[in-house]
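For reference, the structure is listed below as structure tokens.
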Ligand code: ACO
């Protein structure tokens, strides 16, 4: 029997040791440039970030998401006002998910996503997972739709410095 790909891949939490690899991966995978506060944030409580390592030493994929007040993705001010009393409803916002091109269609993205959904589902306050995808990113849209996400709406001019600037808002409901 051949070796299954996931026997070759280890999923590690992001920490100070592999943060440089996460930066490298993000610079290749995404048109958006992430800055220092983004990377420092990955180590804070309420955030979930992993890297996929192929064959012990090749960093091939990464995911990062954070918990925030339910509705923050569409109305940050209103969502922040409603919350803060400790009994709040939450959503998990997926900031990044990517796998290097030669390692795609092997199930690594699916595995990273499954870990993030598990992270979300462990907290009964979390109602959904949400994310933005650039409107011409057909691969990602097919991937997310295949995994139970639905498109909520288009957000015009969501991105500042990339073309097209428009995004779809996608949602995966937990309750
Ligand atoms: N076309 C059609 N279906 C697809 C595609 C595709 N390009 N990619 C994945 N799928 C579906 C398939 O059903 C696939 O199963 P199959 O290969 O058995 O048919 C299933 O999803 C699982 O695919 P994986 O192999 O687990 O996905 P992969 O490891 O290739 O990662 C990802 C998918 C993350 C979207 C990858 O294409 C990628 O890194 N793209 C570039 C970065 C990116 O655009 N990330 C998303 C931006 S949005 C954000 O980060 C929040």
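Each reported figure results from applying straightforward, stated rules to the coordinates on display, with no laboratory input. Given the structure is predicted, the values throughout are model-derived calculations rather than measurements. Note that each Cβ is placed from the backbone with ideal geometry, even for glycine, and that neighbours are counted across all protein chains shown.
Some observations on this one:
- Acute angle (nearest 10 degrees) that the helix 19-29 long axis makes with the longest principal axis of the chain, alpha-carbon atoms: 80
- For the stretch 7-95: rounded, prolate or oblate by the Cα gyration tensor [a/c cutoff 1.5]: prolate
- The angle separating the long axis of helix 108-121 from the principal Cα axis of greatest extent in the chain is about 40 degrees.
- The chain - mean residue ellipticity at 222 nm from DSSP helices (-39,500 (n - 2.57) per run, n ≥ 4, rounded to 500): -7500 deg cm²/dmol
- Cα gyration tensor category, rounded, prolate or oblate, for the stretch 97-136 with a/c compared to 1.5: oblate
- By other beta-carbon atoms within 10 Å, ranking 35, 150 with the fewest at the front produces 35, 150.
- P(r) of the stretch 51-175 over all Cα-Cα pairs, binned every 10 Å from zero, in whole percent: 12, 40, 34, 12, 1
- When the chain is treated as a GNM with alpha-carbon contacts under 10 Å, the residue of 117, 108, 162 showing the greatest mean-square fluctuation is 162.
- Centroid-to-centroid, using Cα positions, the stretch 1-46 and the stretch 108-175 are 18 Å apart.
- Order of 21, 67 - criterion: other Cβ atoms within 10 Å of each residue's Cβ, fewest first: 21, 67
- Among beta bridges from DSSP that stay inside the chain, the antiparallel ones total about 85%.
- Residues 75, 91 in ascending order of nearby Cβ atoms (within 10 Å, fewest first): 75, 91.
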